[in-house]
Amino acid sequence: MNRLSRWLMIVVFMSIGCTSSPNLPLAATEGISLEPTPTPQDDEILPILDLQIHITTTSDWTTLGLVEGGSIKNHTVLSADHDASLAEFEQGLFRLMQPIEQANAEQSVELVADISIAKDTSGSDLIFEINRGHMGETTVEISKFSGNELKAGKTFSWQGIQPSGENVKQFTIPAAQQLEPVNNEYIVIAQLNFWYYGPGIHGGFYNESGERDTALYPLLGDYRSSDPDVVYQQIEWASEYGVDAFSIEWTIPRGIVSCCDSMENTLDDVFLKSPNIDKVRWVIFYDFPLRLDQTPGLKQYVDGLDFDQPDVYNIFVNDFKRFARKYFGNPQYLTIDGRPVIYIWASGAFVGDLEGAILDVRQGVADYGYDVFIVGEEVAANHFDQHHAALFDGNTSFTFLIPGLDASSWEDVGDAANDVDQTFERWQENIKDLKVIGREEYVNFQPAWAPQYDERLARPNHSTYVPAISKDQVTAMAEVARKHAEPLGSQGLKLIWINTWNCWQEATTIEPTENHGPKYPAGNYQFDMLEVVRDVFGSETYSSDSP
C-alpha cells in the first residue's frame with residue numbers, strides 16, 4: 001500500500017468522571033495483540049487509510065468508533081496499560097476500562113492501536129463517535145504522516161455533558177482535509193514591539209546618557225520599527241521558524257496628541273502593507289495601563305485601574321469597538337472559529353466593575369458582527385479569584401515573572417521553569433470545568449513564556465536578572481509551555497504566547513542577534529531562540545487561507 005495513504009493519527013485524551021458503565025466485559029488485559037480482520041476482496045478498490053489510535057482516559061470506561069464514512073477493516077492493539085481492566089476492539093468499537101477506584105482517583109489508562117479504514121468513497125467525510133461517562137473532558141488530536149514522519153495536526157476538544165441518554169459526541173474529518181496537510185496544532189504568538197526609532201538616545205537602544213541599555217545586538221542593527229525592510233525580514237523569520245502570529249502592542253489611537261507615537265502608525269502604514277503579510281497572522285496586545293498613561297486627562301487612573309471610574313470603563317469599551325471597526329475584519333487577524341483574539345495585559349490588576357465592562361465589550365463588538373475571544377493576563381502563584389478568571393475566554397501569564405513567584409531565588413531559567421511548571425499546573429486545576437461568565441464555553445489555559453530576563457542595563461538600580469545559561473534551558477522553558485497548552489475550538493488549536501519577539505531592554509527576545517561575544521549567559525544567542533521555537537512547536541505555520 002502506498003505510504004501516501006498513511007496520513008492520519010488520532011490521539012484521544014480523556015479526563016472523565018464516573019457514571020454507570022455500558023455492558024462491557026471486565027476481563028483484565030495485558031500485552032494485548034489482536035489479529036487483523038481480513039479485508040474482503042471487494043474492498044480493495046476503495047481508498048484505504050492507515051491510522052494509529054492512542055486512547056487515554058481517567059474514566060471508568062470509554063469507547064471510540066467510526067460511525068460514518070468508512071469501516072475499520074484491520075486493527076492491531078499495540079499496547080495497553082497494565083492497570084486497564086479491559087482494552088480491546090470488538091464489534092467496531094475500541095473499549096477501554098479501569099477499576100472504579102482508579103477512576104475516582106483520576107488515574108489514567110491508555111491503549112495504542114494501528115487500524116486501516118476502508119472508505120465508502122474517496123469523497124467521504126469520516127465521523128468518529130466517543131461514548132463516555134457524564135463528567136470530564138475529551139480531546140481528539142489528528143495528525144498526518146508526511147512520508148514516514150508523523151506531523152502534528154488537528155485537535156477536537158469537548159467539555160460537556162449531553163442532557164439525556166448516552167453521553168456521546170461526534171467529530172468529523174472532512175474528506176478534503178484527509179488529503180491535505182493539517183495545520184500544526186500549536187499557534188505560537190510572539191509580541192512584536194514597534195517602539196524602536198534607530199540609533200541614538202531616543203531610538204530605544206540607548207538611555208538618555210547615551211549608554212546602551214541592552215547587552216544584545218539585533219542582527220538587523222539598531223533599527224527603526226517603521227522600516228519596511230525590517231518588518232519584511234521579521235515576518236520572514238517568523239514564517240520560517242514557526243511563529244504563527246505577532247501580538248502588536250496597542251496603546252493609543254492615531255491622532256491623539258501625546259508623549260508617545262501611536263503604534264497604529266507602523267501597524268497601518270508598514271506592517272499591514274508588507275508584501276509578505278500573508279505569511280503571518282496578528283492580534284492586538286492591548287496595553288490598557290499605557291492607554292491610560294499616554295492619554296491626556298487619564299493618567300491619574302493608572303495606579304488604580306478601577307472600572308468603577310466612568311472614564312476607565314468607557315474608554316475600555318470604546319477601544320474594543322474601535323478594534324472591531326478597524327481591525328477585526330483584517331484577513332490576517334488571528335481568529336479561532338471566526339472569533340478575533342485579543343490579549344489584555346495586566347488584567348489581573350483590574351478592579352471595580354470589570355464584569356460590566358467585559359459584557360458591554362462583548363455586546364459592542366457583536367454589534368459589528370464579531371464574537372471576540374478575550375485573553376486576560378490572570379495567572380498568579382499566590383492567589384486565585386475564580387470570578388475574575390471567568391471573565392475571560394482564555395487565561396495566561398506574560399513571562400515567567402508571575403506574581404507570587406520569588407524571582408530573586410532563581411539562579412537561572414532552569415530554576416524558573418520548575419516553579420512556572422507548578423504554577424501552571426495549579427492554575428489549570430483551579431479553572432478546570434470553569435465556564436466563561438455569560439457563555440457556555442470553558443475558560444481555556446494558554447501558557448506564556450520567555451527565554452530569559454535581563455534588565456541590568458535598562459534598570460541598573462532595581463534590576464531583575466534571570467539568564468539562560470544554555471540553549472537546553474530555553475528549550476526546557478518552552479517545553480513547560482507546550483506541556484500545559486490546552487486545545488481550543490473546533491480544530492483544537494493550542495495557543496502559546498511568547499513575550500517577547502523584541503523587547504531588547506529586558507532580553508526576553510527571540511529575534512536573531514549578531515554573533516557578538518558568548519551566547520550564554522544572557523548573551524547574543526544568534527538564531528538559538530528561534531530554533532527552540534521551531535524544534536519545540538514545529539515550523540509549520542498558518543497559511544494565508546487558514547481559518
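What follows draws every value from the coordinates through simple rules; no lab data is involved. Model, not experiment: these values are computed from the prediction. Quick reminder, even Gly has a Cβ in these numbers, built from the backbone with ideal geometry, and neighbours come from all protein chains shown.
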> Too long at a 32 Å Cα-Cα cut-off: which of 321/435; 279/432; 299/321; 273/435; 73/169; 279/519?
Replying inline: 279/432; 273/435
> Listed highest first by mean packing, meaning other Cβ atoms within 10 Å per residue, what order do 472-480, 213-221, 164-172 come in?
Replying inline: 472-480, 213-221, 164-172
> How many percent of DSSP beta bridges within segment 186-537 run antiparallel, rounded to 5?
Replying inline: 20 percent
> What Kirkwood hydrodynamic radius, in Å, does segment 346-486 give when the mean of 1/r is taken over all pairs of distinct Cα atoms and then inverted?
Replying inline: 16.3 Å
> For segment 97-136 and segment 331-356, what is the separation of their Cα centres, given in Å?
Replying inline: 34 Å
> Between segment 421-458 and segment 389-413, what's the alpha-carbon centroid distance in Å?
Replying inline: 8 Å
> Which net charge results for the neighbourhood of residue 470, defined as the other residues with beta-carbon distances under 10 angstrom from its beta-carbon, given Lys and Arg at +1 and Asp and Glu at -1?
Replying inline: -1
> Given +1 on the Cβ of Lys and Arg, -1 on the Cβ of Asp and Glu, and no further charges, what dipole in debye does segment 186-537 carry about its Cα centre, rounded to the nearest 20?
Replying inline: 680 debye
> Near residue 232, within a Cβ-to-Cβ distance under 12 Å, what is the net charge of the other residues, with Lys and Arg +1 and Asp and Glu -1?
Replying inline: -1
> What ranking do 450-461, 333-344 get when scored by the average of other Cβ atoms within 10 Å per residue, highest first?
Replying inline: 333-344, 450-461
> To the nearest whole percent, what portion of all C-alpha pairs in segment 186-537 is separated by more than 35 angstrom?
Replying inline: 18 percent
> If we sort 93-100, 411-418 on the protection proxy, mean other Cβ atoms within 10 Å, highest first, what's the order?
Replying inline: 93-100, 411-418
> How would you classify segment 268-418 from its alpha-carbon gyration tensor, with a ≥ b ≥ c the square roots of the eigenvalues: rounded for a/c under 1.5, else prolate if a/b is greater than b/c, otherwise oblate?
Replying inline: oblate
>> So if I take the centroid of the Cα atoms in segment 460-501 and the same for segment 270-312, what is the distance between those two points in Å?
In response: 23 Å
